[in-house]
Amino acid sequence: MAELTQSDIDQRVLDLYDEYCHGGIDRREFLQRASVITVGGLAMAQALLPRYALAQTISFTDQRIKARYVTYPSPGGTSGTMRGYLVQPSAPGSFPAVLVIHENRGLNPYIEDVARRVATEGFLALAPDGLSPVGGYPGNDDDGRTLQTGLDQGKLRTDMANSARVLKSHALSAGKLGVTGFCWGGGTTNFLAVELGADLGAAVPFYGAAAETARVPAIKAPLLIQYAENDERINAMWPAFETALKAGGVQYEMHMYPGTQHGFHNNSTPRYHEPSAKLAWERTIAFFKKHLA
């Protein structure tokens, strides 16, 4: 049987999956409700669950990169210590640095692959695991989502800010810092743009919650904002965010990708929209090369 693609899946099932991904319903309810929405709804729902083994694009043994797990202090965070996945180009030298922030379920294999993709483009990449203080990404997204929801969200954001500062000052860093993130990580990218101010060189949030309007003037880094067309919850924040960006004199560009769902860059599920994901990624790398070189 052929793999289902996004175009094969009823939009109502995609909307349910978005609710499931963001903790509104559990896996059992997602599958049960999908099964009664439409003929074949259960198969559609099962097809949407991630398949990380199929999503790897850069092997962890790729000769262009060196990858390892690192631990570092994180004062004021969940436990005072953090763990992350650090990936460097194999070539000697120092490199512009990019922090890669996971979704709402910890450092899963997709995000590790994104960090490797970043490193193959000549950047020092760090993908922190916000769940490391509570044992790390547990190997599946359901448990990861539960763990992340249970954390003090302010301390979790502090862990991400500390990770950014550790990366910027790393011995292999050339001193220029960029941040990108997806879903929860996209919202956290916007938060870090506010929090880090002039210490940040560029930010690329993917379908992330907008920064707090009153704090937008603190953003000094240029933003490349990536949105999915079918993402009502996130897109509803854009008009106020854009108004604040303009009022604050923040340099930004926004792209909304037609026919896409929230999560379209994640190639482990049929929400992946290949042409849009590739274009968004090309824009991301070009943006970082322009502003961090």
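The values are calculated or read from the model by the stated rules, or taken from the named source; none is laboratory data. This is a predicted model, so every value here is computed, not measured. Virtual Cβ from ideal backbone geometry, glycine too; neighbours counted across all protein chains shown. Please note that ligands, DNA and RNA were not included when accessible areas were found on the heavy atoms of the full protein model with its side chains. Shrake-Rupley method; radii C 1.70, N 1.55, O 1.52, S 1.80 Å.
When region 283-293 is examined, which residues are found to be aliphatic (A, V, I, L, M) and surrounded by 13 or more Cβ atoms within 10 Å (Cβ to Cβ)?
Residues of region 283-293 that are aliphatic (A, V, I, L, M), as a first pass: 285-286, 292-293.
Scanning region 283-293 gives I285, L292.
Yes/no per residue for (1) closer than 30 Å to N230 by Cα; (2) buried (at least 17 other Cβ atoms within 10 Å of the Cβ):
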position: E29; (1), (2): yes, no
position: V39; (1), (2): yes, no
position: I65; (1), (2): no, yes
position: T71; (1), (2): no, no
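Could you grab me the full set of residues in region 198-213 that are in contact (Cβ under 8 Å) with a residue 24 or more places away in the chain and not hydroxyl-bearing (S, T, Y)?
Step one: list which residues in region 198-213 are in contact (Cβ under 8 Å) with a residue 24 or more places away in the chain, which gives 199-211, 213.
Correct list: D199, L200, G201, A202, A203, V204, P205, F206, G208, A209, A210, A211.
Has region 99-111 got at least one residue that is surrounded by fewer than 20 Cβ atoms within 10 Å (Cβ to Cβ) and more than 21 Å from I58 (Cβ to Cβ)? Let's see the steps before the verdict.
As a first pass, look at region 99-111 and keep what is surrounded by fewer than 20 Cβ atoms within 10 Å (Cβ to Cβ): 104, 109.
Adding the requirement that they be more than 21 Å from I58 (Cβ to Cβ) leaves 104.
There is at least one residue in region 99-111 that is surrounded by fewer than 20 Cβ atoms within 10 Å (Cβ to Cβ) and more than 21 Å from I58 (Cβ to Cβ).
Would you tally the residues in region 76-91 being in contact with a helix residue (DSSP H, G or I) (Cβ under 7 Å, 6 or more places away or on another chain) and either among the aliphatic types (A, V, I, L, M) or part of a loop (DSSP other than H, G, I, E, B) (or both)?
Final tally of qualifying residues: 6.
In region 227-282, which residue that is in contact (Cβ under 8 Å) with a residue 60 or more places away in the chain, part of a helix (DSSP H, G or I) and within 16 Å of the chain's Cα centre (by Cα) is surrounded by the most Cβ atoms within 10 Å (Cβ to Cβ)?
Of everything passing the filter in region 227-282, A280 is surrounded by the most Cβ atoms within 10 Å (Cβ to Cβ).
Anything in region 112-123 that is open to solvent by 10 Å² or more (accessible area, probe 1.4 Å) and either in a loop (DSSP other than H, G, I, E, B) or small (G, A, S) (or both)? List them, or say none.
E121, G122
Within the bounds of region 92-103, is there any residue that is of a type outside the set (V, I, T), modelled with pLDDT under 95 and outside any strand (DSSP E or B)? Give the steps one after another, and end with the answer.
Filtering region 92-103 for residues of a type outside the set (V, I, T) gives 92-97, 99, 102-103.
Among the residues that remain, those that are also modelled with pLDDT under 95 are: 92-93.
From the residues that got through so far, the ones that are outside any strand (DSSP E or B) too are 92-93.
Looking for residues that are of a type outside the set (V, I, T), modelled with pLDDT under 95 and outside any strand (DSSP E or B), one finds at least one in region 92-103, hence yes.
If I filter region 129-152 down to residues being among the polar types (S, T, N, Q) and surrounded by fewer than 17 Cβ atoms within 10 Å (Cβ to Cβ), which single residue comes out as modelled with the lowest pLDDT? Reasoning before the result, please.
Pass one, region 129-152, residues among the polar types (S, T, N, Q): 132, 140, 146, 148-149.
Filter once more, so that each one left must be surrounded by fewer than 17 Cβ atoms within 10 Å (Cβ to Cβ): 140, 146, 149.
On the way: N140: 88, T146: 94, T149: 95.
Checked region 129-152; the qualifying residue modelled with the lowest pLDDT is N140.
Residues checked against (1) farther than 25 Å from D231 by Cα; (2) open to solvent by 20 Å² or more (accessible area, probe 1.4 Å); (3) in a helix (DSSP H, G or I); (4) not aromatic (F, W, Y):
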{"position": "A164", "(1), (2), (3), (4)": "yes, no, yes, yes"}
{"position": "L167", "(1), (2), (3), (4)": "yes, no, yes, yes"}
{"position": "A174", "(1), (2), (3), (4)": "yes, yes, no, yes"}
{"position": "T180", "(1), (2), (3), (4)": "no, no, no, yes"}
{"position": "G187", "(1), (2), (3), (4)": "no, no, yes, yes"}
{"position": "F191", "(1), (2), (3), (4)": "no, yes, yes, no"}
{"position": "A198", "(1), (2), (3), (4)": "yes, yes, yes, yes"}
{"position": "G208", "(1), (2), (3), (4)": "no, no, no, yes"}
{"position": "R215", "(1), (2), (3), (4)": "no, yes, yes, yes"}
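Kindly list, by first and then second residue, each pair from a residue in region 53-68 that is assigned to a loop (DSSP other than H, G, I, E, B) to a residue that is among the aliphatic types (A, V, I, L, M) and surrounded by 14 or more Cβ atoms within 10 Å (Cβ to Cβ), limited to pairs with Cβ atoms under 7 Å and residues at least 6 apart or on different chains.
Within 7 Å, the pairs are F60/A67.
Take the residues in region 41-57 that are of a type outside the set (A, V, I, L, M, F, W, C), in contact with a helix residue (DSSP H, G or I) (Cβ under 9 Å, 6 or more places away or on another chain) and closer than 24 Å to G186 by Cβ, then tell me which one is surrounded by the most Cβ atoms within 10 Å (Cβ to Cβ). Walk me through how you get there before you give the answer.
Initial filter on region 41-57 (of a type outside the set (A, V, I, L, M, F, W, C)): 41, 46, 50-52, 56-57.
Retained after the next criterion (residues that are in contact with a helix residue (DSSP H, G or I) (Cβ under 9 Å, 6 or more places away or on another chain)): 41, 46, 50, 52, 56-57.
This time we only want the ones that are closer than 24 Å to G186 by Cβ, so: 50, 52, 56-57.
On the way: P50: 20, Y52: 18, Q56: 15, T57: 12.
Top of the filtered list is P50.
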